[in-house]
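First up is the structure itself, then whatever we jot down about it.
The values are calculated or read from the model by the stated rules, or taken from the named source; none is laboratory data. All of these numbers come straight from a predicted model, not from anything done at the bench. So basically every Cβ, Gly included, is an ideal-geometry build from the backbone, and we count neighbours across all protein chains shown. Side chains included, ligands, DNA and RNA excluded: accessible areas come from the protein's heavy atoms. Shrake-Rupley method; radii C 1.70, N 1.55, O 1.52, S 1.80 Å.
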Amino acid sequence: MNIAEAETTIEVQFYDLDPMNVVWHGNYFKFMEIARCELLKKIEYNYDDMKLDGIMYPIAKTEMKFIKSATFGQKLTVKAILEELEPGLNIKYIIKDSATNEVLFKAKTMQICVDVKSGKSLYQAPEKFKRGIECLKNI
């Protein structure tokens, strides 16, 4: 079930490339983070809000599938889809060529809510996060 989603467009920069002139695999994490930030902005619960609530959402698990390499100057559409909020955030990512809509990459992350002071896992999302999602549903 898709709870919320957001997408953004990225143009592959020279510094994103590896010696083989394709996007270095580690940069896909950066692209995912950019889309995740767009998703959190849309929900109106971002990293500053997490800090104020004394929580963080570190990544506990990542699955990645590289389908086709992205190249310099290519415009990419990066979509982040929140599939589950509790007991942790499950987010799916899809990266496509913006011009052809060809899927280049798919991934999933699982992030666990952690109390910053105690370091203990929390299994419920903060109320402000839940309210932001409810507001999206009512639009």
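The table below lists the values:
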quantity	calculated
Any hit, the range 33-55, residues being among the aliphatic types (A, V, I, L, M), in contact with a Cys (Cβ under 6 Å, 6 or more places away or on another chain) and at negative phi	yes
Candidate set from the range 89-137 (those that are over 20 Å from ASN46 (Cα atoms) and among the acidic types (Asp, Glu)); member that is farthest from the chain's Cα centre (by Cα)	GLU102
Contacts under 8 angstrom Cβ, first residue in the range 1-29 being within 19 Å of VAL103 (Cα to Cα), partner assigned to a strand (DSSP E or B) and of a type in the set (Gly, Ala, Ser), 6 or more apart	GLU5/ALA80; ALA6/ALA80; GLU7/ALA80; TYR28/ALA107
From the options LEU136, LEU104, residue that is within 22 Å of ASN27 (Cα to Cα) and either open to solvent by less than 40 Å² (accessible area, probe 1.4 Å) or outside any strand (DSSP E or B) (or both)	LEU104
LYS128 vs. criteria open to solvent by 60 Å² or more (accessible area, probe 1.4 Å) and at pLDDT 95 or above	no
Residues (of a type outside the set (Ser, Thr, Tyr), within 18 Å of THR9 (Cβ to Cβ) and assigned to a strand (DSSP E or B)) located in the range 65-91	LYS75, LEU76, VAL78, LYS79, ALA80, ILE81
Pairs, first free of Cβ contacts under 8 Å to residues at least 40 places away in the same chain in the range 107-121, second surrounded by 16 or more Cβ atoms within 10 Å (Cβ to Cβ), C-beta under 9 Å, six or more apart	LYS120/VAL114; SER121/GLY88; SER121/ILE112; SER121/CYS113; SER121/VAL114
Residues of the range 1-23 satisfying the condition of being in a loop (DSSP other than H, G, I, E, B) and loosely packed, with under 14 Cβ neighbours inside 10 Å	MET1, ASN2, GLN13, ASP18, PRO19, MET20, ASN21
Condition check for GLU33: assigned to a strand (DSSP E or B) and within 24 Å of LEU122 (Cβ to Cβ)	no
Checking SER98 against (1) over 25 Å from GLY132 (Cα atoms); (2) in contact with a helix residue (DSSP H, G or I) (Cβ under 7 Å, 6 or more places away or on another chain); (3) of a type outside the set (Phe, Trp, Tyr), the condition it does not meet	(2)
Filter result for MET50 (open to solvent by less than 20 Å² (accessible area, probe 1.4 Å) and over 17 Å from VAL103 (Cβ atoms))	yes
The one condition in (1) part of a strand (DSSP E or B); (2) open to solvent by less than 60 Å² (accessible area, probe 1.4 Å); (3) within 11 Å of ILE95 (Cβ to Cβ) that TYR28 fails to fulfil	(1)
